[in-house]
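First up is the structure itself, then whatever we jot down about it.
Values quoted throughout were computed directly from the atomic coordinates according to the rules given, and no laboratory measurement underlies them. The model shown is predicted, which means the values in this text are computed figures rather than measured ones. So basically every Cβ, Gly included, is an ideal-geometry build from the backbone, and we count neighbours across all protein chains shown.
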Amino acid sequence: MTSDGKVCILSGGVGGAKLVLGMSEILDPKEFIVVANTGDDFVHLGLHISPDIDTLVYTLAGMVDEKRGWGLKDESWNFLGAVRDLGGETWFNLGDKDLAMHVERTKELKAGVSLSQVTKKLSAALGVKIDIVPMADSSVATTILTDDGSLAFQHYFVRDKCNPKVKGFKFEGLDKARPADGVNRFNAEKQRALLIAPSNPFVSIDPILGIPKLRETFIGSCHVKLAVSPIVGGIAIKGPAAKMMSELGIPSTATEVARHYLGLIDGIVIDEVDRDQASQIESLGIKPFVTKTVMSTLDDKIGLATDCIEYIDYLAGK
Ligand code: FO1
C-alpha cells in the first residue's frame with residue numbers, strides 16, 4: 001500500500017460493482033474500501049434484502065449473472081414458482097440460490113449481528129477479499145416521490161419498472177444514521193481518495209453522502225475527490241438516472257452530474273462521447289478527464305479503474 005492511505009469507493013449496484021471489480025484487479029484489497037448504498041434495502045417475504053451489497057459481493061465473487069447485472073448466474077426459480085402457486089408476491093425475483101444469502105443475512109441480523117459484520121462474514125464465505133462496508137448499520141429507506149404518490153424504492157424500481165414520473169426523493173432514517181465502523185475507520189486518517197462510482201447520483205450516492213457530517217468528513221479526510229459520470233451521451237448505461245434527471249427538469253448530461261457534486265469533487269471522469277462538455281465542466285471549477293467509461297468487458301473495467309487511479313495521482317500532484 002502507498003503511504004497515502006486508501007481509496008474509498010462509494011457505490012450503488014451494477015455500475016459501481018463493475019468499476020470495483022476492475023479496481024480489484026489493479027489494487028491490493030488493503031488499498032481500498034467500498035462503501036455500499038443501503039437505501040435500497042428492504043424486508044421482503046420476511047427477508048432482509050440488501051441489493052447493492054448483494055450485487056457487489058456476487059460480482060467480486062465471480063458469481064453474478066452478467067446479463068442481468070444482479071442475482072446469481074445459473075439460477076433456478078422454483079421457490080418463486082411455489083410462492084406464485086400460493087398466491088404470494090412474485091414481483092421481486094428471488095432465485096433459489098440467491099435465497100440463501102437473504103436467509104443467512106436475516107438470521108444473523110435477528111440474532112443482533114450488525115449489517116457490517118454480516119456483510120463481512122458472508123463476503124468472506126464467498127472468497128471476497130475486498131472490504132465492502134454498508135454506509136450505515138441502521139436502516140435508511142429511500143422513498144421516491146412520484147406522480148403516483150410516494151413509493152418505496154423497490155416498488156418504484158422493480159414492481160413499477162421506474163415508470164412513475166419522479167418529483168423528488170426522501171431518505172427515511174438518514175437523520176439518525178451514523179457511518180458504519182469501517183467508514184469511520186477510513187475517515188480517521190488522511191486518505192488517498194474518495195471515488196464516486198458511476199452509480200445513480202440521486203438514489204445510490206446521495207443517500208451515502210446524506211449521512212450526517214459524512215460529506216464534510218470525506219472532504220477533510222481525502223486528498224482527492226473524483227467522480228465517474230454514469231451519464232454517457234445523455235443516457236444512463238443502466239437504470240433510471242437519465243430519466244430521473246429529465247423528469248426533475250435537469251438536462252441529462254455529464255456536466256449536470258458534475259454540477260450535482262459541486263463543492264465535493266475535484267475532478268470527474270467522463271466518456272469520450274461527451275468530450276465536447278469538458279470545457280463547460282472546467283468552467284464549474286471541476287477538472288474533467290475524458291476516456292472510455294462503458295464497461296462491457298473485464299478489460300474495460302480494468303481500463304477505467306486504471307484511468308481513475310492515474311487521474312487521482314495526477315490531481316494529487318504526483
Ligand atoms: N432487480 C430487478 O430489476 N428485478 C428484480 O426482480 C430484482 C431482484 C433482486 C433480488 C435480489 C437482489 O439482491 C437484487 C435484485 N434486483 C432486482 C436488483 C436490485 O433491486 C436493483 O438493481 C437495485 O436495488 C438498484 O441498485
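Taking every DSSP helix (H) stretch of at least 4 residues in the chain, weighting each as -39,500 (n - 2.57) and dividing the sum by the residue count yields a mean residue ellipticity at 222 nm of -10000 deg cm²/dmol. Computed from the C-beta positions of Gln117 and Val43 and an R0 of 25 Å, the FRET efficiency is 0.85 to the nearest 0.05.
Which Cα, out of Asn37, Ser24, Cys162, lies furthest along the positive dipole direction of the chain (beta carbon charges, K/R +1, D/E -1)? Sorting the options by dipole projection puts first Asn37. The separation of segment 90-165 from segment 55-83, counted between C-alpha centres, amounts to 14 Å. For the residues Gly249, Gly12, Gly263, a GNM of the chain with alpha-carbon springs under 10 Å puts the largest fluctuation on Gly249. GNM remark for the chain: springs join alpha carbons under 10 Å apart, and the peak mean-square fluctuation among Thr143, Thr297, Thr119 falls on Thr297.
Considering only DSSP beta bridges with both partners in the chain, what is the antiparallel share in %, to the nearest 5? If we restrict to bridges inside the chain, about 40 percent are antiparallel.
Full extension of the segment from Leu248 to Asn163, taken as 0.36 nm per residue of separation minus the current Cα-Cα distance, would add 29.2 nm. Here Lys292 and Glu189 are evaluated by their C-beta separation; at R0 = 35 Å the FRET efficiency comes out at 0.60. Along its principal axes, the chain has C-alpha extents of 60, 43, 39 angstrom, given from the largest down. In this simple spin-label approximation, Leu262 and Leu284 carry label points 7 Å from Cα along the Cα→Cβ vector, and these lie 0.8 nm apart. With the chain treated as a Gaussian network of Cα nodes joined by springs under 10 Å, which of Leu99, Leu19, Leu45 yields the largest mean-square fluctuation? Fluctuation is largest for Leu45.
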